[in-house]
1. List the relative contact order of the range 5-256 as a percent without decimals, with contacts defined as Cα pairs under 8 Å and 6+ residues apart.
2. Distances longer than 23 Å among the Cα atoms of the range 86-209: what percent of all pairs is that?
3. To check my understanding: the extent here is largest minus smallest coordinate of the Cα atoms along each principal axis. What are those three numbers for the range 1-157, in Å, largest first?
4. What is the log10 of I(q)/I(0) for the range 40-113, computed with the Debye formula using one identical point scatterer on each Cα and no solvent, at q = 0.18, 0.25, 0.27 Å⁻¹?
5. Restricting to DSSP H runs of at least four residues, report the calculated mean residue ellipticity at 222 nm for the chain, -39500 (n - 2.57) per run over all residues, nearest 500 deg cm²/dmol.
6. For LYS37, list the lysines whose Cα falls under 16 Å from its own Cα; do not include residues on the same chain fewer than 8 positions away.
7. Post the alpha-carbon centroid distance, the range 164-197 to the range 114-154, in whole angstrom.
8. Report the one residue of VAL85, PRO16, VAL125 whose Cα lies farthest in the direction of the positive end of the charge dipole of the chain (charges on C-beta: Lys and Arg +1, Asp and Glu -1; origin at the Cα centre).
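Only the coordinates and a few stated rules stand behind these numbers; no lab work does. Values in this document were obtained by computation on a predicted structure and should not be read as measured data. Counting neighbours? That spans all protein chains shown, and the Cβs are built from the backbone with ideal geometry, glycine included.
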Amino acid sequence: MAELKIAVRIDAMNLPMRQSLEMAARMGASAVELNAKNGINPSSLSDTGLRSFRKMLDDLNLRVAALRFPTRHGYDHVPDLDRRVDATKQMMLLAYRLGSPVVVNSLGRVPESTDDARYETLKAVVDDLGRYGAKVGTFFAAETGTESGEQLMTLLESSEDGYVAVALNPGQLIINQFELSSSVAAVSSRVQLVLAIDGVLDLSAGRGISVPLGQGIAELPELLGVLEEHQYRGHFVVGRAESNLEELNQGIQYLRQL
């Protein structure tokens, strides 16, 4: 497999943007994941500001691997859904201007039954965002973890008019106690980003917990083999929301050794 392309989750650094980017470059990352709600303000980013930001990235030999756009509710939550979808489209346009191939967010919990009204709501959103992605050139990537990979893929493949990608988060699948290997196999053809997060099952608490990369039960070499079957050449994003600089650096070194 080709050398892994490693990105760093910028908001995990808790540093001003310029310092975060400089730190990512020193760590040896080739790209970053930005958070649209932490560190970059789309409403105040003028054309001049955008050019300045992209020049800063170029000077550091960095690119934007993904733009994260967390929302309070998933797209299965009907109240304010139109506003949430419109805001997501704005982020997709911003991501395109930043040179990012994807905007990452969870779709929300996918119901098991296709007869559930929420399923039809999600299907309409997938159709809408999928068409918009084809129009602007940056795709929405649904983060895994709130349902099995099989359930998510069934929803995504139900859309004939648009394409929604997958941001594979193995740690979140482990935390929510979904079978990892079958979930990865199910979504592998649509994976456009890998969130390199690990997880373990806490049997005493009856739940899973997120842990630093390499300290959980995610078999990264096996995962890489499945992705290689589909010629995956996207980025692997290091970092959890609670990561510190030491953990980020260790995560990068772990991926380099694979």
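1. Normalised by residue count, the contact order of the range 5-256 is 18 percent.
2. Across the range 86-209, Cα pairs with separations above 23 Å total 32 percent.
3. Computed over the Cα atoms, the extents are 51, 39, 29 Å.
4. Treating every Cα as an identical point scatterer, log10 I(q)/I(0) equals -0.77, -1.17, -1.28.
5. -12500 deg cm²/dmol
6. Straight-line reach from LYS37, under 16 Å: LYS89.
7. Taking the Cα centre of the range 114-154 as reference, the centre of the range 164-197 is 15 Å away.
8. Value: PRO16.
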